[in-house]
Amino acid sequence: MIETQRLRLRQWRRADDGPFAQLNADPEVMRYFPTTLSRADSDTMAARIRARIAQRGWGFWAVERLSDNAMLGFVGLECPRPEVPISPCVEIGWRLARAHWGHGYATEAAKAALHFAFEHLLLSEVVAFTVPENQRSQAVMMRLAMVRQPTLFELPSVPPGHPMRKQCWYRIAVPQTLRRGTPVDYGAGAST
């Protein structure tokens, strides 16, 4: 479990499946994905995420607001499929319910996930990717000090010609201060 000033990143509970299915069915939340998800597909995804966290101790954690224990969505780390052109790598990703956009939650939780990636997993870099039109996610990537890469790539899992196939990507290397052994501040109250 990871806590920040306002949030908790934790393992998923069965009670999270309903709120997760609602956000996956929201066309605006899923605007930059090939399709919305049915309840069955959303539950399958939640079970897969839960199993990966149980197996290795990290993944796309459920994000819970400390003030009221509301489940907001997910933020965390994942290894993209081997066929993704920038693999092998670890990506940082997020998906929050629309009601929770614009409050800085994605950035706050992602900073804590980066802290975990660099200090606990000892990764040398983390990547993120999205479709070029997704300015909101790219704004989070820039707030994380990630750097946009000059090339695009295509997601093999998305059909050729589909507008979500082309992806832009960002990366962040382990901070210099961390390489020297000095703790890095990734956000107020971030702790594991």
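Read the figures in this text as sums done on the coordinates, not as results from a lab. Just so you know, these numbers come straight off a predicted model, no measurement behind them. No Cβ is skipped: glycine too gets one built from the backbone with ideal geometry, and neighbour counts run over all protein chains shown.
Taking the chain as a Gaussian network of alpha-carbon nodes connected by springs under 10 Å, the highest mean-square fluctuation of the residues Thr130, Thr107, Thr35 belongs to Thr35. Normalised by the residues of the stretch 66-139, what does the relative contact order come to in percent, with Cα pairs under 8 Å and at least six apart? This gives 28 percent for the stretch 66-139.
Of Arg56, Arg98, Arg136, the residue with the greatest mean-square motion in the GNM of the chain, using alpha carbon springs below 10 Å, is Arg56. Here the simple spin-label model places points 7 Å from the Cα toward Cβ, and for Val158 and Ala99 these points are separated by 2.9 nm. Applying the Kirkwood pairwise sum to the alpha-carbon positions of the stretch 19-78 produces a hydrodynamic radius of 12.3 angstrom. When you restrict to C-alpha pairs under 8 Å that are six or more residues apart and normalise by the size of the chain, the relative contact order lands at 22 percent. Note on the chain: antiparallel DSSP beta bridges, both residues inside, total approximately 95 percent of the bridges counted. In the elastic network of the chain, a GNM with C-alpha springs shorter than 10 Å, the most mobile of Glu78, Glu133, Glu108 is Glu133. Modelled spin labels at Asp68 and Met1, positioned 7 Å past Cα toward Cβ, are 2.0 nm from each other. Secondary-structure-derived ellipticity at 222 nm for the chain, considering helices only, amounts to -8500 deg cm²/dmol, per-run term -39500 (n - 2.57) for DSSP H runs with n ≥ 4.
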